[in-house]
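Derivation of every value follows stated rules applied to the coordinates shown; laboratory data play no part. Just so you know, these numbers come straight off a predicted model, no measurement behind them. Quick reminder, even Gly has a Cβ in these numbers, built from the backbone with ideal geometry, and neighbours come from all protein chains shown.
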Number of protein chains: 2
Amino acid sequence: MDTSLRDKRHTAAHVLAAAVQKHYPDAQFGVGPPTEHGFYYDIKFPEPISVNELATLEETMKEIIKADLPLERSDMGIDEAIEHFSSRNQPFKVSLLEDLKTHGTTVLSEMDENTPEESDVSTVSLYTLGDFVDLCRGGHAERTGELDPQGLKLDAVSGVYFRGDETNEQLQRVYGLLFSSKKELKQFLHRREEARKRDHRVLGEQLDLFTFSDLVGPGLPLWTPKGTAIRDALHNRLLSISRKYRMNPVSIPHIGKQALYETSGHAEKFANELIHVQSSYDEFALKPVNCPHHTQIYASKSRSYRDLPIRYMESTRQYRDEKPGELSGLTRVRAITVDDGHIFCRPDQIETEAQKIAEIIREFYTDLGLYGNHWVSLSVRDTNRPQDYIGSEEDWQLAEESLENLSETMELNAVRQEGEAAIYGPKLDYMFTDALGREHQLCTIQIDFAMPKRFGLSYTDADGTPQSPVMIHRAILGSYERFMAILIEHFAGNFPVWLAPVQAKVLTVNEAVKAYAADVFTRLEEANLRVELDDGDETVGKKIRTAETEKVPYMLVIGEQEQENGTVSVRTKGEKQTKTMEIEEVISLVKE
Amino acid sequence: MDTSLRDKRHTAAHVLAAAVQKHYPDAQFGVGPPTEHGFYYDIKFPEPISVNELATLEETMKEIIKADLPLERSDMGIDEAIEHFSSRNQPFKVSLLEDLKTHGTTVLSEMDENTPEESDVSTVSLYTLGDFVDLCRGGHAERTGELDPQGLKLDAVSGVYFRGDETNEQLQRVYGLLFSSKKELKQFLHRREEARKRDHRVLGEQLDLFTFSDLVGPGLPLWTPKGTAIRDALHNRLLSISRKYRMNPVSIPHIGKQALYETSGHAEKFANELIHVQSSYDEFALKPVNCPHHTQIYASKSRSYRDLPIRYMESTRQYRDEKPGELSGLTRVRAITVDDGHIFCRPDQIETEAQKIAEIIREFYTDLGLYGNHWVSLSVRDTNRPQDYIGSEEDWQLAEESLENLSETMELNAVRQEGEAAIYGPKLDYMFTDALGREHQLCTIQIDFAMPKRFGLSYTDADGTPQSPVMIHRAILGSYERFMAILIEHFAGNFPVWLAPVQAKVLTVNEAVKAYAADVFTRLEEANLRVELDDGDETVGKKIRTAETEKVPYMLVIGEQEQENGTVSVRTKGEKQTKTMEIEEVISLVKE
């Protein structure tokens, strides 16, 4: 039977310890488990080591692997084992054994939950690898030769406290990577390096897209002019696509009465994440969602069946009281700008309305080059438990059928997920895969039979009876913050021209062409391009390198020849060739 | 000496009482003071009267005026006066007299503040007009003939409690108007009628522009699709003008740490109006202004003198805890969407930067047809007290001179207001007069030497030294809510085409042209016009009347002839003629 990669990684931890013991005979060992991509070992070295020492250790590990040594198991009485490690000056192993003896486990969390007075552990297993004997539950390769030394890399070293408790002694944690082959290790290192370079927090600062301020507070991004240009480009694209499907922008405040969220159910749902507001006159909360406000615009007039569908859309911030420790860059924030939308319609309009949303999604993600890199899920009821859901049997059947039909019409191949529907209605979710192979749930089309009823919304039907409308919640890009994080990392900051905060940069070759360069700059600006001018004293080579760092799609180099001919020399980012063009041609090129 | 209009109005109250006594001998009288445009009298009629009774009373009043009766004063001991009114069954007058005897006043608020045990009032004055004797301090015409009966009008009647205390008996308040002449009365009635028709709260509902919800809360307008279309048109116009002057949109959240407002000074300045936010982790407040957040975008990078000016703009909501009783329509709200802007510059850049703002103001208000209906004030220091102001003598001189120069260059004729500057810098304010002759302060260009210092903002000057930038706060339209209220009333809902929420409405003459009308509608929509289609069963006359009520600028009537020729019949709001046009012509017409 093949040894699993996890067992090989566990084995590598033993190999690391054996290598350490060879070079540092006085080293004291803590624990050494496998990890997601390799393994680590917590070790107290006689003197703390640095990353520079890792190469030697890695070399020794590879020799041990090549020597194809066996890992030999032997059992020992627990008191004998304590004596064994104690005599070898291994206090951490002794400590682990004492826990095992007292609590029946070495795992702290298990001790908390289940602390027998007397342990039934009387015997422990030891594994011997060459000269190194380790306390271990097992789960290894039989011989070190099963590991591929080319798939091994010692990666990093950091300081940790024994058992993560800062009242304990400090050890060093040596991290290693182990893959089945050299190729897989290289692939992993490449992907990791890419992810590091693309990290939206790093690129966000480097490209000056957003910032955080201690005075404003954690989880509250401030968008600089460049970041705002991207947000606005996304927003305007959404608006112009949505306009074709007759979605109507509305505008609401960021607070609402506590009673609004008691009616909607969000006071209960968000509980601690709902941020209360201390007005002297009313009990308000910062809105955690936008739907309750939108219901109140619907409710402001009496509506007839002929008025439906009524479609609202808005990009607006909502607020949630996230824990400081859970905040992270743009992916977890307290001020969340949501591209929100709600359609109020009759049950018989669900299919055509949901299709409009699906069309908007298709257009928007096609513009981003992401349509196709996705799959869609259709969450439906658990038909064995119809009593668990809000809304009539007839409405549910119609809604699920509508989404099924839509999936077919739009070739979504939606994967049916039985029992995954919310209690208030079925939904379609779109999952997109980014350039790093990560999957993100971005769009949703959610049918809701419950909220209109909670707010007593109605319309007069053709027969004069009052009816409750169906509400469709929809998200195209979700939250701008999370979407920006994904886009920055997906494009590695190399945004498509329509999104680039600076689409073109005019670069002068020398002082003599400054006036003409300024003229070119103004003409591009007047054509509504996002453009910058660099007419400083540096060499044009330096200017090009700066523009490349800033990831500007087009560099427009202005020399004396360009000035003479009234042209510009266009250089596309990442390319060496330049092309001479008329200014009008440049404008068309940038606008595509 | 001419009797003042106020005294004439006071006299008219006596005349009203005399007329009432004639028709209702058992009426009991409260108080009857003059008001801003006339007078009122609080009266308990034997049976409550309606507005229908006012004509008869007004007629009798006019007769009394024409009879030119004298108002005769007589003094009476206070106990005798109580006896006098008591015997005539005037309990309200008795109550007033008893207050006068006990507290020395009949004014409730004066009693609260200053309640002597013993009053020194021993004698009161009575005025006799024909058969009617009234308790009164005086201030009258000598004879009723001094009033112009043509300037008189009884206006309304409403229920009130004696002395405004709902534990007291209910009286009726009869309101009258009195002007010096028939002409002035007519003018007043016309202006009042205009203001009523234009009231933004009335028109806002009638045109479906915004709404309030009890569940969302008072002072928190919700903008419907039509209202949002106007707001967006204003915003987009501001953006496109500002872009030419290189103002850069930024985007900030709606909360900030308490510490942000302590640093800025707004925690102290707004005190009770600052709305605190109950996060479990940080002390936040809803932003009452936007400048502190914008300083933090400036502060996110090191800046050189070459980077200045740095210009931010943003339309964003800020929040203030206004008292419920002070909230009114859109003019006083809790969620205030501000068109905000801040420029960080060097002192030597103040003039050119302020000029950019003045140019934006000129373009924006020219588009609205309001430029010219304004005057500008220049608030400068009190030069006798230079120690009262923040910033160097040199900077102040430069800043005031810059604004003076700007006033000259832009022909603003700014009126210099000595001592009106804020302690942190001089400013220009623009006051506009609307169609009802009311003046509104709308734009401001405010120099600020203080805030950048409070936040420790700096830039590296040419000589390598750190310097504090100057901050210029600017508002073009101020708050969208107040601006919308002004615009709605100024235009009486007849917005210029570029602002109209619905710019054109396609109206069908009959069923047969429905398909062609839908086609016309789609073509206009695709040309980015805001357009509606009315292809219902009503007559085209009815459809035109509806569109007129909705104040739609262009009605596009589609009959069989238009269908045949591929044209539309264009009717401009308020006109009877129609004009046949090609669809492309209509698009150009609406776009201007």
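Per-structure values
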quantity: Of A:SER86, A:TYR305, A:GLY456, farthest towards positive along the dipole that unit charges on Lys, Arg, Asp, Glu beta carbons give chain A; calculated: A:TYR305
quantity: Estimated dipole of chain B in Debye, rounded to 20 [Cβ of Lys and Arg +1, of Asp and Glu -1, Cα centre]; calculated: 1480
quantity: Computed label-point distance, nm, for sites A:GLU582 and B:THR352 using a 7 Å Cα→Cβ extension; calculated: 3.3
quantity: Net dipole in debye of the protein assembly as shown [+1 Lys, Arg Cβ; -1 Asp, Glu Cβ; about Cα centre; nearest 20]; calculated: 2380
quantity: Total formal charge among the other residues, if their Cβ is under 11 angstrom from that of A:VAL160, Lys/Arg +1 and Asp/Glu -1; calculated: -1
quantity: Overall form of segment B:434-527 per C-alpha gyration tensor (a/c, 1.5; a/b vs b/c); calculated: oblate
quantity: Estimated vicinal HN-Hα couplings, Hz - segment A:492-503 in sequence order (Karplus 6.51, -1.76, 1.60; Gly, Pro = x); calculated: 6, x, 8, 5, x, 3, 5, 9, 4, x, 10, 8
quantity: A:VAL31 long-range amide H proximity, modeled H, under 5 Å; calculated: A:ASP42
quantity: Amide H partners (placed H, <5 Å) of A:GLU532, local residues excluded; calculated: A:ALA504, A:LYS505, A:VAL506
quantity: Residues A:GLU166 and A:ALA67, FRET efficiency given R0 of 45 Å [Cβ-Cβ distance, rounded to 0.05]; calculated: 0.70
quantity: For segment B:447-576, size of Cβ-based charge dipole, Lys and Arg +1, Asp and Glu -1, in debye; calculated: 580
quantity: A:VAL51-A:ASP75 FRET efficiency (beta carbon distance; Förster radius 51 Å; 0.05 resolution); calculated: 0.85
quantity: Distance (nanometres) between label positions extended 7 Å along Cα→Cβ at A:ARG173 and A:ASN528; calculated: 5.3
quantity: Furthest towards positive pole of dipole, B:HIS140, B:LEU100, B:LEU185, structure part segment B:3-195, Cβ charges; calculated: B:LEU185
quantity: Proportion of all alpha-carbon pairs of segment B:120-193 beyond 22 Å (%); calculated: 49
quantity: For B:GLU142, label point 7 Å along C-beta direction: distances to other copies, nm; calculated: 13.3
quantity: Compactness of the protein assembly as shown as Cα Rg over 2.2 N^0.38 Å, two decimals; calculated: 1.22
quantity: Where labels lie 7 Å past Cα in the beta-carbon direction, separation of B:SER280 and A:GLU420 in nm; calculated: 3.0
quantity: Between segment A:258-284 and segment A:503-528, the Cα center-to-center distance that results, in Å; calculated: 53
quantity: Rg/Rh ratio calculated on Cα atoms of chain A (Kirkwood radius); calculated: 1.07
quantity: Whole-Hz ³J(HN,Hα) from phi, Karplus 6.51 cos²θ - 1.76 cosθ + 1.60, for segment A:80-87, glycine and proline x; calculated: 5, 5, 4, 4, 4, 6, 5, 5
quantity: Ranked list, fewest to most other Cβ atoms within 10 Å of each Cβ, for B:LEU154, B:LEU16, B:LEU185; calculated: B:LEU185, B:LEU154, B:LEU16
quantity: Label-reachable residues, segment B:420-448, where backbone N falls under 14 Å from a point 7 Å from B:HIS190's Cα toward its Cβ; calculated: B:436-437
quantity: Theoretical gain in end-to-end length, B:VAL121 to B:GLU98 [0.36 nm per residue, Cα-Cα removed]; calculated: 7.2 nm
quantity: Using θ = phi - 60° and Karplus 6.51 cos²θ - 1.76 cosθ + 1.60, couplings along segment B:583-592 (whole Hz; Gly, Pro as x); calculated: 4, 4, 5, 4, 4, 4, 4, 5, 6, 6
quantity: Fraction of the pair-distance distribution of segment B:476-590 above 21 Å, Cα-Cα pairs, percent; calculated: 36
quantity: Amide proton proximity set for B:GLY38, modelled H, under 5 Å, gap of 5+; calculated: B:LEU178
quantity: Signed unit charges on C-beta, dipole axis of segment A:504-591, positive-most listed residue A:GLN563, A:THR546, A:TYR516; calculated: A:THR546
